[in-house]
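Visitor: Below is the structure I would like to discuss, written out as structure tokens.
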């Protein structure tokens, strides 16, 4: 078991080393612009990526906003279970994010899609709609990239396909984005 654990940790370190920091910096700049222009920031994901998206909104909406003394207008599209299930039941699960964006999304807003495969149909559909409506798309995806990377203005591709390792790296990126504002509040200027 020790060998398996060592191997897992070694592979996790390699996955973290694969994070393209220039891409993370570009996302950070997009967040700064959204804050400066009072734009809405949306994030979405399924499963573990949904949990990461929810965690990000908690940190950005509370921790980062408190640190800079200004409020990020941010929302995880996967957090309203009643709305998700109503849309999924009455239309299709592929529509659970795009139907919310139809209510909230405006040109200039920011949409972040989080997916290991990059091919989650509901995320792809939302990113396609968002791009057509003038929102800025960001994709945090694994090495397979998927359609989401093609639809993104900024694609942050993590160099692994293992779901656990990629989801851990995604959360690391999302933490970097939030803690940049918490630890360097001058970024909000």
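Visitor: Counting other beta carbons within 10 Å of each residue's own, what order do 18, 64, 117 fall into, fewest first?
Guide: Starting with the residue having the fewest Cβ neighbours, the order is 18, 117, 64.
Visitor: Restricting everything to alpha-carbon atoms, can you work out Rg to Rh for the chain with a Kirkwood hydrodynamic radius?
Guide: 0.98
Visitor: For residue 33 and residue 62, calculate 0.36 nm times their separation in residues minus their Cα-Cα distance, and state this gained length in nm to one decimal.
Guide: Numbers: separation 29, 0.36 × 29 = 10.44 nm, distance 1.84 nm.
Between residue 33 and residue 62, full extension yields an extra 8.6 nm.
Visitor: Mind sorting 127, 1 by how few other Cβ atoms lie within 10 Å of their own Cβ, fewest first?
Guide: 1, 127
Visitor: Hey, how many Å between the Cα centroid of segment 129-186 and the Cα centroid of segment 1-50?
Guide: Cα centroid to Cα centroid, the span is 6 Å.
Visitor: Let me ask something else about it. Counting other beta carbons within 10 Å of each residue's own, what order do 129, 4, 83 fall into, fewest first?
Guide: So the ranking, lowest neighbour count to highest, is 4, 83, 129.
Visitor: Spin-label point model (7 Å from Cα, Cβ direction): what's the residue 3 to residue 85 distance in nm?
Guide: The modelled label-to-label distance comes out at 4.7 nm.
Visitor: For the chain, what is the relative contact order in percent, using Cα pairs closer than 8 Å and at least 6 residues apart in sequence?
Guide: It rounds to 26 percent for the chain.
Visitor: Once you sort the root eigenvalues of the Cα gyration tensor of segment 103-189 as a ≥ b ≥ c, which label holds: rounded (a/c under 1.5), prolate (a/b larger than b/c) or oblate (the other case)?
Guide: Taking the square roots of the gyration eigenvalues as a ≥ b ≥ c, segment 103-189 is oblate.
Visitor: Calculate the FRET efficiency for residue 25 and residue 189 from the Cβ-Cβ distance with a Förster distance of 25 Å, rounded to the nearest 0.05.
Guide: 0.90
Computed from the coordinates by the stated procedures, all read-outs in this text should not be read as laboratory data. Treat the numbers as computed from the prediction; the structure is a model and nothing was measured. Cβ coordinates were reconstructed from backbone atoms using ideal geometry, including for glycine residues, and neighbour counts include every protein chain displayed.
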